[in-house]
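To keep things clear, I will list the structure first and then write my remarks on it.
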Amino acid sequence: MKKPLLLLPLLLFILSCSGSQTSSSNNTSQADNSGKIQIMMLGSLHFNQFHDAGKPSSNFLSQKRQQEISEVNEVLMAFAPDMIMIERAPAEQARYDSLFKLHRQGQIKVNELDGGTGEVYQFAFKLAGKLNHEQLYCVDYDQSTSQGLLNSGDNIALFQSGLQNFQKVSRGVTADFMAGKMTFREFLVFLNKPETIELSHRQFYNLPAYVQNGGFKSYEGLQRSTIDTTQIGAEFISLFYERNLKIYSNILNAQLKNKGNRILLIMGQTHIGVLQDIMKNNPNYEIVNAGQYLDVNYTKPKV
């Protein structure tokens with residue numbers, strides 16, 4: 001009858017050892033998580049394509065709009081990125097190194113450059129200058145992709161209906177922004193909301209798969225003989241996906257070479273969903289939601 005009592009100290013010893021191992025394992029896990037590379041992906045409009053100096057609300061060089069741009073940059077500064085990556089190809093790195101050096105030295109004004117009202121200059125250049133960065137990092141990949149490329153095939157109406165809905169939503173909010181009803185910050189909050197990113201991601205990486213036995217509006221820049229028109233929707237997806245896989249590769253290699261720990265990536269909004277989808281499977285990276293800094297009403301998603 002006394003044997004169970006004799007086993008009690010041994011049992012307690014085993015449990016204490018097990019608890020110590022669990023605690024050690026948890027601490028290691030927490031240390032690994034804290035060492036991850038943080039990346040914020042900021043989905044943007046190519047604002048230089050919408051700038052209109054003749055209209056106060058869409059003149060992005062006006063005092064009001066410049067104040068709004070400064071507000072966004074101040075908010076992004078709180079993230080404290082040590083690398084800022086832009087939608088330009090690595091082949092253009094030397095050109096942008098030269099332009100950014102001149103910008104830092106005060107020898108050029110980005111507002112006066114061709115395309116100077118775009119996100120590369122208004123956000124990346126200005127923010128990197130304030131943070132005393134030595135350069136920006138070009139990570140785009142040039143490839144023939146267009147939202148209207150897929151234009152015929154079985155079930156094309158399903159894809160086109162989705163495209164019309166996507167354009168209706170995006171153009172409606174863009175019109176409000178252009179009319180001055182939204183600030184730059186408010187507009188960027190909308191573009192980077194999870195539901196907006198999901199909408200654009202579904203349109204270009206899901207719905208096209210319904211379309212078969214069709215064709216593209218143009219095959220310029222493509223090897224037509226390699227396109228399987230019986231799976232034209234999947235071919236459409238693959239073009240977009242391939243480009244973003246190569247952008248992802250450029251991001252990884254730029255970080256590896258320059259050892260950045262907090263990356264700000266500024267890209268067209270339709271890139272964000274697929275890049276987040278790819279990046280979330282990389283155990284070395286942690287994705288930081290842009291809304292965490294931009295949106296005053298941001299609520300962290302429940303895990």
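The values are calculated or read from the model by the stated rules, or taken from the named source; none is laboratory data. Just so we're clear, the structure is a prediction, and the values are computed from it rather than from any experiment. Positions of Cβ are generated from backbone atoms using ideal geometry, with glycine treated the same way; all protein chains shown enter the neighbour counts. The protein model used for the area step is the full one, side chains on, heavy atoms only, and it has no ligands, DNA or RNA in it. Shrake-Rupley method; radii C 1.70, N 1.55, O 1.52, S 1.80 Å.
Any residue at all in region 210-223 that is farther than 17 Å from Met40 by Cβ, within 18 Å of the chain's Cα centre (by Cα) and open to solvent by less than 40 Å² (accessible area, probe 1.4 Å)? First the steps, then the outcome.
Of all residues in region 210-223, those farther than 17 Å from Met40 by Cβ come to 210-223.
Those left that are additionally within 18 Å of the chain's Cα centre (by Cα): none.
No; the residues of region 210-223 include none that is farther than 17 Å from Met40 by Cβ, within 18 Å of the chain's Cα centre (by Cα) and open to solvent by less than 40 Å² (accessible area, probe 1.4 Å).
Pick from region 177-204 the residues that are surrounded by 19 or more Cβ atoms within 10 Å (Cβ to Cβ) and hydroxyl-bearing (Ser, Thr, Tyr): which of them is farthest from Gly162 (Cα to Cα)? That would be Thr196. Could you list, ordered by first residue, the pairs with Cβ atoms under 7 Å in which the first is in region 152-168 and farther than 22 Å from Ile197 by Cα and the second is β-branched (Val, Ile, Thr) and part of a helix (DSSP H, G or I), at least 6 apart or interchain? Matching pairs, first to second residue: Gly153/Ile232.
In the list Lys259, Lys246, which residue meets the criterion of being surrounded by fewer than 17 Cβ atoms within 10 Å (Cβ to Cβ), out of contact with any helix residue (DSSP H, G or I) (no Cβ under 6 Å at 6 or more places or on another chain), more than 19 Å from Phe79 (Cα to Cα) and among the basic types (Lys, Arg)? Give the steps one after another, and end with the answer.
Working: Lys259 fails: more than 19 Å from Phe79 (Cα to Cα).
Unique residue meeting the criteria: Lys246.
If I filter region 115-138 for residues that are among the polar types (S, T, N, Q), out of contact with any Asp or Glu (no Cβ under 7 Å at 6 or more places or on another chain) and within 17 Å of Asn48 (Cβ to Cβ), do I get at least one hit? Among the residues of region 115-138, at least one is among the polar types (S, T, N, Q), out of contact with any Asp or Glu (no Cβ under 7 Å at 6 or more places or on another chain) and within 17 Å of Asn48 (Cβ to Cβ), which makes the answer yes.
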